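Student: Pasting a structure below so you can have a look.
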Amino acid sequence: MPTRFRWHHSRCLAPRALQPWLAERGSLTARLVAHYPQFSVRVLRQREQPPHGDELATLQQRRRARVLTRDVLLMSGQTPLVYAHSVATRSAVRGGFRRLKGIGNRSLGSMLFADPTIRRSPLAWRQIDRRHPLWQQAHAAVGPLPARLWARRSLFITGPDRLLVTEVFLPPTF
């Protein structure tokens, strides 16, 4: 895997104020709700498409695979806090993550953390820059951004089904 796509599981070198958010093992949504009373989810799109290059191996998919993606902004009032990108394999959407299709503007975390059969992989993080598709998508959604943003991701697993969730932390909030 090219270095520019490498996600890290070891010590995070993010700014100190951001580290607790990146390392949160529980529901990021629950933490955001506790800090931002005007929390909401704004759905940007939900569609089938090919996964990004650095998602293929994690999801154990072939290059020509199609997946269901869901892109949302986690908001406080009119302020975007996090750009979230979720990717589910076709079999996952028909199986253990079938509720994803009808979730609408509800938070994905409310579904994932309520189901005791769903396991979460260790968190991974990295900085993404203008070359990364998620930086580009966040930029298209919210406008001007710094050249680098911190992101984290983890895999949710139930039985044979996998759902990859990546969260990009937006300034100036973090």
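Student: Can you work out which of the residues in the stretch 92-123 that are more than 15 Å from Leu155 (Cα to Cα) and hydroxyl-bearing (Ser, Thr, Tyr) is surrounded by the fewest Cβ atoms within 10 Å (Cβ to Cβ)?
Tutor: Ser110
Student: Another question about this same structure. Out of the residues in the stretch 131-165 meeting the condition of being small (Gly, Ala, Ser) and assigned to a loop (DSSP other than H, G, I, E, B), tell me which one is farthest from Ala57 (Cα to Cα).
Tutor: By that ranking, first place goes to Gly143.
Student: Give just the number: which of (1) in a helix (DSSP H, G or I); (2) modelled with pLDDT of 95 or more does Ala30 not satisfy?
Tutor: (2)
Student: Looking at Ala65, Ala17, Ala30, Ala23, which one is surrounded by 12 or more Cβ atoms within 10 Å (Cβ to Cβ) and closer than 15 Å to Phe169 by Cβ? I'd like the intermediate steps shown before the answer.
Tutor: Numbers: Ala65 fails: closer than 15 Å to Phe169 by Cβ; Ala17 fails: surrounded by 12 or more Cβ atoms within 10 Å (Cβ to Cβ); Ala30 fails: closer than 15 Å to Phe169 by Cβ.
From the options Ala65, Ala17, Ala30, Ala23, the qualifying one is Ala23.
Student: On to the next question. Do we have any residue at all in the stretch 166-174 that's under 19 Å from Arg42 (Cα atoms), part of a helix (DSSP H, G or I), modelled with pLDDT of 95 or more and in contact with a strand residue (DSSP E or B) (Cβ under 7 Å, 6 or more places away or on another chain)?
Tutor: Within the stretch 166-174, not a single residue is under 19 Å from Arg42 (Cα atoms), part of a helix (DSSP H, G or I), modelled with pLDDT of 95 or more and in contact with a strand residue (DSSP E or B) (Cβ under 7 Å, 6 or more places away or on another chain).
Student: Which residues, taken from the stretch 19-77, are under 18 Å from Ile157 (Cα atoms), of a type in the set (S, T, N, Q) and touching a strand residue (DSSP E or B) at 6+ places or on another chain (Cβ under 9 Å)?
Tutor: Passing the criteria: Thr58, Gln60, Gln61, Thr69.
Student: Shifting gears a bit: If Gly102 satisfies all but one of (1) over 15 Å from the mean Cα position of the chain (by Cα); (2) in contact (Cβ under 8 Å) with a residue 40 or more places away in the chain, what's the number of the condition it fails?
Tutor: Failing condition for Gly102: (2).
Student: Given the conditions (1) outside any loop (DSSP other than H, G, I, E, B); (2) under 22 Å from Pro116 (Cα atoms), report the number of the one that Ser40 does not fulfil.
Tutor: Failed condition: (2).
Student: Provide a single number: the residues in the stretch 148-174 that are over 20 Å from Phe39 (Cβ atoms) and either out of contact with any helix residue (DSSP H, G or I) (no Cβ under 9 Å at 6 or more places or on another chain) or of a type in the set (Val, Ile, Thr) (or both).
Tutor: Result for the stretch 148-174: 4.
Student: A follow-up question, please. Which condition number does Ala30 fail, the rest of (1) more than 17 Å from Ala84 (Cβ to Cβ); (2) hydrophobic (A, V, I, L, M, F, W, C); (3) touching a Gly at 6+ places or on another chain (Cβ under 7 Å) being met?
Tutor: (1)
Student: Moving to a separate point now. Looking only at residues that are of a type in the set (Ser, Thr, Tyr) and in contact with a Pro (Cβ under 9 Å, 6 or more places away or on another chain) in the stretch 144-174, which one is surrounded by the fewest Cβ atoms within 10 Å (Cβ to Cβ)?
Tutor: Result: Thr173.
Student: If you don't mind, another one. For the stretch 37-73, which residues satisfy the criterion of being of a type in the set (A, V, I, L, M) and closer than 20 Å to Leu123 by Cβ?
Tutor: Scanning the stretch 37-73 gives Leu56, Ala57, Leu59, Val72.
The values are calculated or read from the model by the stated rules, or taken from the named source; none is laboratory data. Just so you know, these numbers come straight off a predicted model, no measurement behind them. As a convention, Cβ positions derive from the backbone with ideal geometry for all residues, glycine included, and neighbour counts pool all protein chains shown.
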